[in-house]
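Notes follow the structure.
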Amino acid sequence: MIGVRVLPLILMAAVVAGCSDGGGAAPSPAAPFRVGAAAVTITPEVSESAPPVWIGGYRQARQATGVHDDLFARTVVVDNGKLRVALVAVDLVGIFLEQVLTVREQVAGRVAELGVDHVIVASTHNHESPDTMGLWGPSREETGVHPPYQRFVERRIVESIATACARLTGARIAFGRTRAAELIVDSREPVVVDDRLLVMEAVDAASGASLATLVNFASHVESMGRDNTLLTADYAHYLVQAIENDRGGVALFFPGAVGGLLTPRGIEMDDPETGQPAPKDSYRNAELYGQALARHALQALETARPSSNRTLWVETRPVTIRLDNPRFQAGVAQGIIGGGELGPRFESEDGAWRVTTEVGLARIGNGMFLLVPGEIYPELIKGGIPDPAVAGADFPDAPVEPPLLPRMSGEFNFVLGLANDEIGYLIPRRQWDDIEPYAYGRDRPQYGERNSVGPEGGPAVSAALHALLDNDH
């Protein structure tokens, strides 16, 4: 659930959105945007003759024994005649910024063909996909990353973007929202959830047919549990399948503020075929959960509001964070995280480790998108940080980070978690709890802390996002 790196600033400069004409004429007032979408498979081979595939999430030594359903890179490209932006969702546990930069470089190398100014890639945080981060290999001392597969994923993402660009057509975009609190469990006190489910749909301006539907909701993609050995997109598979069956086009799922940890685990899904709850950690349970989310999304689309403008822009910036987690320091030094040659890079000065990631902000019509490089706690999004601090918290006098959501000025405000990077849990500093005595009467440290860069991660990312909101276009 974590990645750490430092990147040359010359590469970061390539991230800034440009102002090309997008390779096509400006859309007409009847079709404020041009939109194309595509889905390409990123499923690795699982066979006796192929290299072992270690599944990312939960534990080490979980080797894939087969494929239940394909994994995908799903892309929607939006063009307003001045800028062209690609949003990609991949059915993976996490993707590091280094790979996103590689994808951007490859897309930039085909600028005359594709005309893409900016690429955003987010993982669904699928816990039943290949280990693309390195933490879940055959043992704690061995990486789970297979570099050829990583390169394959990069190429397939570029292919999905190219296919979406080839399908660009005049389109109208609409936004909707609803709530689905009954489909989230917060496994860490205090109980704070972002239960908003937001949708963006692009339809063909001429025929009205759906081109793409983007769904954003804060729940870990982990319905199948720790013992499953078949590759699957988990509940996201059933979610996008149900939407595509109903609306057509390409559906994409982006996780929201899943830190905390917000999860579907513990929710019993009643099976209408049996009249009983679906078995825990079963495909039937994942199917019912994904279909329930799809029903919420489709309901939100029934009252979706067309965008009143053709705004399109993206702004990103690097953020350097102190890295205090010795487990991750050792993981990179030993070539475990990222698999060595693909591993994140550090800066170390005066005994302090630092990592650079990326935050971002985007607008598509009436929608605003917060691009968060990890699993942000909902307290940093909507508020709810204890004040005064809970007894036992390590930094009870730390300033309370102001919530981000009230600062967002879109009519529909999306939080895209694990966007362009995965640096793990982003925790309010006042809630950090890694030293005895523990808060809430616990007898051990919290789960999130050992999967975080450290107590500076949440405050640093939050402050950088607030700075972007200060410069809201």
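The values are calculated or read from the model by the stated rules, or taken from the named source; none is laboratory data. Since we're looking at a predicted model, the values are computed, not measured. With ideal geometry, Cβ positions are generated from the backbone for all residues, glycine too; neighbour counts draw on all protein chains shown.
Do we have Asp186 as without any contact (Cβ under 8 Å) to a residue 40 or more places away in the chain, farther than 24 Å from Glu45 by Cβ and under 22 Å from the mean Cα position of the chain (by Cα) here?
no
Can we say Arg110 is at pLDDT 95 or above, among the charged types (D, E, K, R) and surrounded by 24 or more Cβ atoms within 10 Å (Cβ to Cβ)? For Arg110, the condition - at pLDDT 95 or above, among the charged types (D, E, K, R) and surrounded by 24 or more Cβ atoms within 10 Å (Cβ to Cβ) - is not met.
With respect to the conditions (1) outside any strand (DSSP E or B); (2) touching a strand residue (DSSP E or B) at 6+ places or on another chain (Cβ under 6 Å); (3) surrounded by fewer than 24 Cβ atoms within 10 Å (Cβ to Cβ), Thr178 falls short on a single one, namely (1). Scanning the range 229-241 for residues that are surrounded by fewer than 24 Cβ atoms within 10 Å (Cβ to Cβ) and either part of a loop (DSSP other than H, G, I, E, B) or charged (D, E, K, R) (or both) yields a single hit, Thr229.
Scanning the range 56-81 for residues that are basic (Lys, Arg) and over 25 Å from Asn216 (Cβ atoms), we see that the one that is surrounded by the most Cβ atoms within 10 Å (Cβ to Cβ) is Arg62. Filter the range 158-175 for residues that are in a strand (DSSP E or B) and of a type outside the set (Val, Ile, Thr); which is farthest from the chain's Cα centre (by Cα)? Here the answer is Gly170.
Only residues that are of a type in the set (S, T, N, Q) and either assigned to a strand (DSSP E or B) or at pLDDT below 85 (or both) were counted across the range 311-328, and they come to 2. Entry remark, the range 289-301: residues being buried (at least 18 other Cβ atoms within 10 Å of the Cβ) and out of contact with any helix residue (DSSP H, G or I) (no Cβ under 8 Å at 6 or more places or on another chain) number 1 in total.
Farther than 28 Å from Arg226 by Cβ and in contact with a helix residue (DSSP H, G or I) (Cβ under 9 Å, 6 or more places away or on another chain) - does that describe any residue in the range 119-132? The answer is yes; a qualifying residue exists. Of the residues in the range 52-62, not one is in contact with a Lys or Arg (Cβ under 6 Å, 6 or more places away or on another chain) and within 30 Å of Asp204 (Cβ to Cβ). Scanning the range 251-276 for residues that are over 21 Å from His68 (Cβ atoms) and part of a strand (DSSP E or B) yields a total of 4.
Answer yes or no: is there a residue in the range 430-438 that is free of Cβ contacts under 8 Å to residues at least 40 places away in the same chain, crowded, with 21+ Cβ neighbours inside 10 Å and within 11 Å of Tyr377 (Cβ to Cβ). Yes.
If you check Gly137 against the conditions, is it modelled with pLDDT of 95 or more and assigned to a strand (DSSP E or B)? Here the answer is no, as Gly137 does not meet what is asked. Just checking, does the range 393-411 include any residue being among the aliphatic types (A, V, I, L, M), surrounded by fewer than 18 Cβ atoms within 10 Å (Cβ to Cβ) and more than 25 Å from Gly94 (Cβ to Cβ)? The answer is yes, given that some residue of the range 393-411 is among the aliphatic types (A, V, I, L, M), surrounded by fewer than 18 Cβ atoms within 10 Å (Cβ to Cβ) and more than 25 Å from Gly94 (Cβ to Cβ).
The set of residues from the range 82-102 being crowded, with 21+ Cβ neighbours inside 10 Å and within 18 Å of Ala166 (Cα to Cα) comprises Leu83, Arg84, Val85, Ala86, Leu87, Val88.
A single entry from Val121, Val100, Val93 fulfils the requirement of being touching a strand residue (DSSP E or B) at 6+ places or on another chain (Cβ under 8 Å), closer than 28 Å to Gln60 by Cα, modelled with pLDDT of 95 or more and part of a helix (DSSP H, G or I): Val100.
Determine whether Gly458 is within 18 Å of Val359 (Cβ to Cβ) and touching a residue at least 60 places away in the same chain (Cβ under 8 Å). So Gly458 fits the description; yes.
Return yes when Arg156 is surrounded by fewer than 17 Cβ atoms within 10 Å (Cβ to Cβ) and not aromatic (Phe, Trp, Tyr) and no when it is not. Spelling it out, it is not the case that Arg156 is surrounded by fewer than 17 Cβ atoms within 10 Å (Cβ to Cβ) and not aromatic (Phe, Trp, Tyr). Scanning the range 371-391 for residues that are more than 22 Å from Lys82 (Cβ to Cβ), crowded, with 24+ Cβ neighbours inside 10 Å and either modelled with pLDDT under 95 or aliphatic (A, V, I, L, M) (or both) returns Val372, Ile376, Leu380, Ile381. Within the range 30-55, the set of residues being crowded, with 18+ Cβ neighbours inside 10 Å and not in a loop (DSSP other than H, G, I, E, B) comprises Phe33, Arg34, Val35, Gly36, Ala37, Ala38, Ala39, Val40, Trp54, Ile55. Close contacts from the range 242-270, counting a first residue that is surrounded by fewer than 24 Cβ atoms within 10 Å (Cβ to Cβ) and a second that is aromatic (Phe, Trp, Tyr) and at pLDDT below 95, with Cβ to Cβ under 9 Å and a gap of 6+ residues or different chains, come to Leu261/Tyr447.
So which residues in the range 312-332 are hydroxyl-bearing (Ser, Thr, Tyr) and crowded, with 18+ Cβ neighbours inside 10 Å?
Of everything in the range 312-332, just one residue is hydroxyl-bearing (Ser, Thr, Tyr) and crowded, with 18+ Cβ neighbours inside 10 Å, namely Thr316.
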